[in-house]
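Structure first, then comments.
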4 protein chains.
Amino acid sequence: MTTDLERLAERLREFARVRDWEQFHTPKNLTMALAGEVGELVAEFQWLTAEESAKPDPEALARIRTELGDVTLYLIRLADVLGVDLVEVAQAKLDDNDRRYDADRYRGSARKAPPSS
Amino acid sequence: MTTDLERLAERLREFARVRDWEQFHTPKNLTMALAGEVGELVAEFQWLTAEESAKPDPEALARIRTELGDVTLYLIRLADVLGVDLVEVAQAKLDDNDRRYDADRYRGSARKAPPSS
Amino acid sequence: MTTDLERLAERLREFARVRDWEQFHTPKNLTMALAGEVGELVAEFQWLTAEESAKPDPEALARIRTELGDVTLYLIRLADVLGVDLVEVAQAKLDDNDRRYDADRYRGSARKAPPSS
Amino acid sequence: MTTDLERLAERLREFARVRDWEQFHTPKNLTMALAGEVGELVAEFQWLTAEESAKPDPEALARIRTELGDVTLYLIRLADVLGVDLVEVAQAKLDDNDRRYDADRYRGSARKAPPSS
């Protein structure tokens, strides 16, 4: 994992340790926490058009940044308790997508070929 | 953003560009894609006990790694199209949580003090 | 709860009982299962425009119907194990929304006034 | 659809009409709203043990009831704009699960046989 992500993982480990919250940080619970935060992120975009979503107003963007921070923290913590390197699994998945979605064949039809399904 | 994350963001940009998928990669759509992948991750843990979730069997772990890869890719891509630095917002949120959740006061009671709500 | 929902709740109770699955049907687990199914529903719509989402093609509609069935079943089962009457809580929430969102004041601005936030 | 659900669907139709919110109620947007509400429900249970989740304290239960109301309303509204009968698709899915999960074969092993995957 990259140095920045490692440092965040370490800070989160310490954050949980000093509060005696490790008991709550099972993969099951952390996945739920991640889902809850992603739900808040979805709610930010639910009534926006595609175009509006690309240019959220300043207050919305501030909330979105906070939610992205929450999502990132729970994702890092979840990967850490599972012993998974996020950069490694993301690279592996992207390598796989590169092979699976031939550029010529899938050009302009993302709808039928979601990057990761 | 860290070098590894930047490199992944760049690969994803190129991945979308050569397939003419940029048109589909609005923040609204990418947030939905992220939510869909997190849903698959939640499904991996739904029937497991807390203890079982900490030690998934090899096949489950392989699927979880793939889902974590998908989640990470969509999160990086979403942040990239919004111009948000994930490490920066995660650090800011963790600084905030450090101030908000006094270690002595919240010790052992994560349930009443989720790290990010 | 209405007769149809009651009948489904009862069928689900029996379904769980004969398979000895009641042990897995805690509110925590059922909420995760619900989230997983909603994730699949979100995935159906992620690359569609607003207009396309209103007229899914026949195969997509068939999958959407299946997902809506899954979501409905888990929602009924979750409410049942919690002893909650879905029609009652939905009516109460709608009464509340009626009071909260004055028709004249919120006309045409759903984005700032989501029905339920 | 049952009378109670039909009545709620009709009330929601009127609720949207008088506020000129029909323009926002595309299946895509309503699915996101549903996902956002389910995220709030998941958050209620994230730090609870399985046992605690079965007996939420009174304040938690009040919030859970409100979230279940929100989820039910968005699910009914989504099905209505898509022209889907929730009771019909739920029954069809349960019939299917009854065939798929033989009681003797799957007894006590829900984890390997989620009712709806």
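Only Lys, Arg, Asp and Glu count, each charged at its Cβ (+1, +1, -1, -1), so figure out the dipole size of chain D about its Cα centre, rounded to 20 debye. Working shown, then result.
Details: 17 positive and 23 negative charges, 66 e Å.
Value, rounded to 20: 320 debye.
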How much accessible area per residue does the range C:4-104 have, in Å², with a 1.4 Å probe?
-> 39 Å²
Shortest-first distances to equivalent copies, position B:D57, nm, label 7 Å out along Cβ = 3.8, 3.8, 5.3
With springs only between Cα atoms under 10 Å apart, run a GNM on chain B and tell me which of B:L12, B:L94, B:L86 wobbles the most.
-> B:L94
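Once you sort the root eigenvalues of the Cα gyration tensor of the range D:4-104 as a ≥ b ≥ c, which label holds: rounded (a/c under 1.5), prolate (a/b larger than b/c) or oblate (the other case)?
Working: a/c = 2.26, a/b = 1.20, b/c = 1.89.
Since a/c reaches 1.5 but b/c is at least a/b, the shape of the range D:4-104 is classed as oblate.
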Put a label point 7 Å from Cα along the Cβ direction on D:D95, then list its distances to the equivalent points in the other copies in nm, shortest first.
-> 3.7, 4.7, 6.0
Closest-to-axis residue of chain B (Cβ criterion, axis taking B to D), whole Å | B:A35, 3
Taking every eigenvalue of the Cα gyration tensor of the protein assembly as shown, multiplying by 5 and rooting it, what semi-axes result, largest first, whole Å?
-> 31, 27, 23
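At a probe of 1.4 Å, how much accessible area disappears from chains C and D on forming the pair, both sides counted, to the nearest 100 Å²? Show your work: numbers first, answer last.
Numbers: alone 8870 and 8880 Å², together 11550 Å².
Heavy-atom accessible area buried at this interface is about 6200 Å².
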Among A:A103, A:A90, A:A16, which one moves the most in a GNM of chain A with springs linking Cα atoms closer than 10 Å?
-> A:A103
Only Lys, Arg (+1) and Asp, Glu (-1) charged, at Cβ; the protein assembly as shown dipole about Cα centre in debye = 0 debye
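Tell me, what is the FRET efficiency for A:A60 and D:R105 to the nearest 0.05, using R0 = 45 angstrom and their Cβ-Cβ distance as r? Before the final figure, lay out the partial values.
Details: r = 51 Å, r/R0 = 1.12.
For R0 = 45 Å, the calculated efficiency reads 0.35.
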Among D:T49, D:T31, D:T72, whose mean-square fluctuation peaks in a Gaussian network model of chain D (Cα, cutoff 10 Å)?
-> D:T49
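Tally Lys/Arg at +1 and Asp/Glu at -1 over every other residue whose Cβ is under 14 Å from the Cβ of A:A9; what's the total?
Values: positive: A:R7, A:R11, A:R13, A:R17, A:R77; negative: A:D4, A:E6, A:E10, A:E14, A:E22, A:D80, A:D85, A:E88, B:D4.
Overall, the nearby charge balance is -4.
Beyond 19 Å between alpha-carbons counts as too far, so tell me which of C:K93/D:K55; A:K55/B:K28; C:K55/C:K93; A:K93/B:K55 fall in that bin.
Violating the 19 Å limit, Cα to Cα: C:K93/D:K55; C:K55/C:K93; A:K93/B:K55.
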Each label point is 7 Å from the Cα along the Cα-to-Cβ direction; what then is the distance between the points at D:R7 and A:R13, in nm?
-> 5.8 nm
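Determine the relative contact order of chain C: mean sequence separation of Cα pairs under 8 Å and six or more apart, normalised by residue count, in whole percent. The partial results should precede the final answer.
On the way: 54 pairs, mean separation 42.1, N = 117.
Relative contact order of chain C: 36 percent.
The values are calculated or read from the model by the stated rules, or taken from the named source; none is laboratory data. As the structure is a computational prediction, the values presented were derived from the model and not from experiment. Cβ: placed from backbone, ideal geometry, glycine included. Neighbour counts: every protein chain shown. Ligands, DNA and RNA are excluded from the accessible area calculation, which covers all protein heavy atoms including side chains. Shrake-Rupley method; radii C 1.70, N 1.55, O 1.52, S 1.80 Å.
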